[in-house]
Each structure stands twice: as C-alpha cells, then as structure tokens.
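The values are calculated or read from the model by the stated rules, or taken from the named source; none is laboratory data. What you are looking at is a predicted structure, and each value in this text was computed from that prediction instead of being measured. Please note: Cβ atoms are built from the backbone with ideal geometry, for glycine as well, and neighbour counts cover all protein chains shown. Surface accessibility is based on the protein's heavy atoms, side chains included, excluding ligands, DNA and RNA. Shrake-Rupley method; radii C 1.70, N 1.55, O 1.52, S 1.80 Å.
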Amino acid sequence: MAGIGVKLNHIFQKNSIAANLVGFTYSTAVTVAPMFVVIMNVLLMGWVLGFNTVGYLNRELFSCTVLYTFIFSLMTVSPFNAVLSKYMSDVIYEERYEDILPCYYLGLVMNLTLSCLLGVPFCLWEHFVGGVKVFYVFTGFCGYISLAMAIYSMIYLSICKDYEKISLFFTIGMLEAFILSLILRFLFHWSITESMLFALMTGIFLIAVLEFSFVKRYFGRNSNKYWKVLGYFKQYWQLIVTNFLYIFGMYVHNFVFWNTDMKMVVVDTFVCNQPYDMASCLAMFTNISATIIFIAHIEMHFHDKYKAYSESVIGAKKADIENDKRQMFRQMASSLMNLARIQFIITVVVYLLCIILLPRFGFSGLVMSIYPCLAAGYFILFLMYSAILFLYYFNDLAGMVWATLSFFVITLVGSIFATRLDEIWYGIGVVLGSFAGWTVTYMRLRWIERNIDRHIFCSGNLLKRGKGKQPSGKVYDRQSSARKAADG
C-alpha cells in the first residue's frame, strides 16, 4: 500500500483539527470510497425510480442478483490477487516494466475463465429452471463479469499508487449508471428493476474499461513472457490459499445460514437469508473504518521503520541492525494497539447509533437481535486481517496459511453450531473464527520477533538449487594429496 504515506504525513503534520479531518477524508477516499459510491448509487437509483413500489418478487430478484454479483466476483478474483500482486511488486523492484502486461493479460484470462465456469451454469439454471427472462439473466451475467474485471484491475492501479484514479473511475461509472437509469425509465419506459440492473451493469463495465485503458497506457511495452507468471503460482501457492480462505471465510457463515429454515429461495435459483445478510452488512460497515485507520498507520509510521530495518540489514553494523529491529517491532505493536483502541471507540459509538436510529427506519426485530454478536465478530476480524498483513511484510507464508485456515474452519464449524442457538448468538461463529485467526497470527508474529535473525539471514542458499543427479560428497582424496606433496 506504499504511496499515500507521503501525502498523509504532509496533511497531518499541520497538527490541526481541520488537517485531521482532511487526512481522514483522504484516507477514506483512497480506500473504501469505491464501495460506498456503488452502494450510495444503488440506494439513490432506488429512491428516485421508486424501487419500493416494485412487486415483492421482482424486488427480491434484483436484490439477490446484485448480492450474488458482488459476493461471487470477489470470490473468483481472490485466488489470483495476492500472487499477481507479489509478481508485480518484484517486477517493479527489478525495473522489468515490460513484464507487467503479460502478467495483466494472463491473470485476466484466468480470472474470466474461472468466473465463467461458475457463472454460466448458474445463469443457465436461472433461465431454464427459474424462468427468468434471457435479457435479465444476460444483463446480470455481464455485470458479474464486468465487476470481476474491475476488481482485478484495481490490483494494478494500487501497485502503481494511483488510488485516486480508482475512486475517480468508480465515481464516473456510477454517475453514468445513475443518468442512464433515469433515461431508460422515464424516456424509454423500461421497468424499474431492468433500468436499474442494466444501468448498473453499464456503469461497472465503464469502470472496467477505464481501468483497462489506464493500465495499457501506463505500461506500454509487452515482453510476451507469460511462463514467468505461471511460475509464481507454483512458487507462492500459499498466497492463493491465504487470500481465498480469507474471502471465503468472510462469507461462509452467510452460506451456512442460507441453508437453514430461515432461508428464502427466489425463482428456484437464488438462496439468501435476509435478516442475517442485513445484520452482516451492518456489522461490516460498523467496523469498516479499521481499514482506513490501519492503512494510515502503516503508510505513515510502520513502512518507514520496516524500510530502515531492511536497509540496515544490507550493510549496517550489528548495533544499528538491532536498534532498527527493536524500533520496527515496537512500531508494529503500537500500530496494532492504536488500531484496536481507536476502532473499539468507533465501533461502540456506531453500534449505539445503530441501536437507537435504525429501528426508526424499519431495521428491527431479528436483524437487530443478530447484529450485536456479528459486530463484535467483524471487529476482531478486521484486527486479524491487519495482523496478517504484517505476516506478509515478513514473508511468513506458512503463518498466513495457518491463520486463515483456522479462521475459515472455526468460522464454518461455529456457524453450524450457532444455527441451533438463540438468534442473539447467530454470529458466534464469526467471533470464534476471527479470534482463532487472530491468536494464530499473534503467535506467529511473536515467533518472528524472536527468530527474525534466523528468518532474515539464514533463509537463502549458498548453492543454486537444481534437479539432477546428486554430486559426490567427496571433497578430496587425502591419500592422493599426500602422495602428490611427497613427489613434489
């Protein structure tokens, strides 16, 4: 995430309330703004077009289509993101910029292939079994593919440190979607749901096209070296597992409750659980500020300490290396503690506001009963993910796998068990799974702190590894050497 630290330091160094507000706004704009722009656009389109007047079946069909589009596009992109991000970082460090486009093209093909393998059978089922019109199904499928492309391309813009461009492209795309929805509804007299879905699809497609064109313009040369990218998937398979388990773990508790008596089936195709899904959404937004706070702390403080330690390892004295190491781990602990303290205050305040205000807007009953436990679970979940990113800094791939695996498994098992409890405990699976992942991550960070010298200085190889016949372990013949010395 290097890139916004300089701007944040420049903003916050003024030490004023206005500067703090500007810094927080900027951090929000370059981190979670795209998600908020999409959500606000959908709500605004629904309010202007009169979505609440639509029949129950059509309303739920639209909601489920949008829900599935976002969840499964994230899941299909997740296996590729971390590995390709690692490859791009190495390529940029080695200044081999011509190798970036092969990485982009190959990753895009793999991503779209996996997305189609999941999306095409589902859409066929939706049409032939659910009886949904071809136009509606195809529009939803195009939106799903376009969103997968947009999320995938965001990796490259992030690596290029163009966070503002991501927010700008999402703003342009959603503005186009809003205007088009008005034209389709009031000028061409399309139905409300078809106007909203088609407009949203074109807006997401525009975002994907803008990101694609920017990547093409930013990296003009193409080396056509694709095999190197495939080698990274084999070498860093742990990154694939880690990212997939984390994303899957974020939604596996929803999938569990989709298969309970509370589930709702729409057109014999879509399955959801409205109260639990809405409570999950509220819990996530209650703690989403943790992402902003963590990135700000990493960019402004820890990254410099990590860079100083890395540079001292190359050629500094032992005393300087030890000093930089202590400062780096002290800053890491301080970042995690500050994140926990600040986010706890924000979570409590937002939670109280939700409890007081949301019932006035129709959010009550089962949703508000499930919400508290899930809010606590997502609070721990975002802390866990922040700690996992520190493992990524230290290249502890095994620790990342164990942390996300424990998070996924315990969340799954805990959610299955929670289906038998009262509704106030429905989110206990997320709490237990996130706490388990956090515990494993904390233990790995402590292990790295104690063994970082061995981790840094003893992880290389004196001889180049290769495949073939093992050479003889014999270094020299002592007797022959003695004879040669006597003859000489």
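Annotations for the structure displayed:
- Just one of the listed residues (SER195, SER213) is over 28 Å from PHE407 (Cα atoms), out of contact with any Ser or Thr (no Cβ under 9 Å at 6 or more places or on another chain) and modelled with pLDDT of 85 or more, and it is SER213.
- Selection from segment 315-339 of residues that are surrounded by 15 or more Cβ atoms within 10 Å (Cβ to Cβ) and among the aliphatic types (A, V, I, L, M): ALA316, ILE321, MET328, MET332, LEU336, LEU339
- Just one residue in the set PHE198, PHE212 is in contact (Cβ under 8 Å) with a residue 40 or more places away in the chain, open to solvent by 30 Å² or more (accessible area, probe 1.4 Å) and within 21 Å of the chain's Cα centre (by Cα); that residue is PHE212.
- Any chance PHE72 is buried (at least 18 other Cβ atoms within 10 Å of the Cβ), more than 22 Å from the chain's Cα centre (by Cα) and part of a helix (DSSP H, G or I): no
- Restricting segment 247-287 to residues that are among the aromatic types (Phe, Trp, Tyr) and crowded, with 22+ Cβ neighbours inside 10 Å leaves a set whose member that is farthest from VAL409 (Cα to Cα) is TYR276.
- Scanning segment 113-164 for residues that are of a type in the set (Phe, Trp, Tyr) and out of contact with any Asp or Glu (no Cβ under 7 Å at 6 or more places or on another chain) turns up PHE122, TRP125, PHE128, PHE135, PHE138, PHE141, TYR144, TYR152, TYR156, TYR163.
- Condition met for MET384 (in a helix (DSSP H, G or I) and more than 18 Å from the chain's Cα centre (by Cα)): no
- LEU245 being more than 30 Å from GLY377 (Cα to Cα) and assigned to a helix (DSSP H, G or I): no
- Checked against the criterion of being buried (at least 17 other Cβ atoms within 10 Å of the Cβ), at pLDDT below 90, under 20 Å from SER434 (Cα atoms) and out of contact with any His (no Cβ under 9 Å at 6 or more places or on another chain), the candidates PHE408, PHE390, PHE344 yield just one match: PHE390.
- Figure legend. Inter-residue proximity from segment 310-332: first residues touching a residue at least 60 places away in the same chain (Cβ under 8 Å), second residues open to solvent by 60 Å² or more (accessible area, probe 1.4 Å), beta-carbon distance below 7 Å, spacing 6+ or different chains. Indicated pairs: VAL313/ILE456; PHE329/GLU449.
Residue by residue, here is whether (1) of a type in the set (Lys, Arg); (2) modelled with pLDDT under 90; (3) open to solvent by 60 Å² or more (accessible area, probe 1.4 Å) holds:
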| residue | (1), (2), (3) |
| --- | --- |
| LEU106 | no, yes, no |
| TRP125 | no, no, yes |
| PHE128 | no, no, yes |
| LYS133 | yes, no, yes |
| LEU147 | no, no, no |
| ILE155 | no, yes, no |
| PHE169 | no, yes, no |
| ILE172 | no, no, yes |
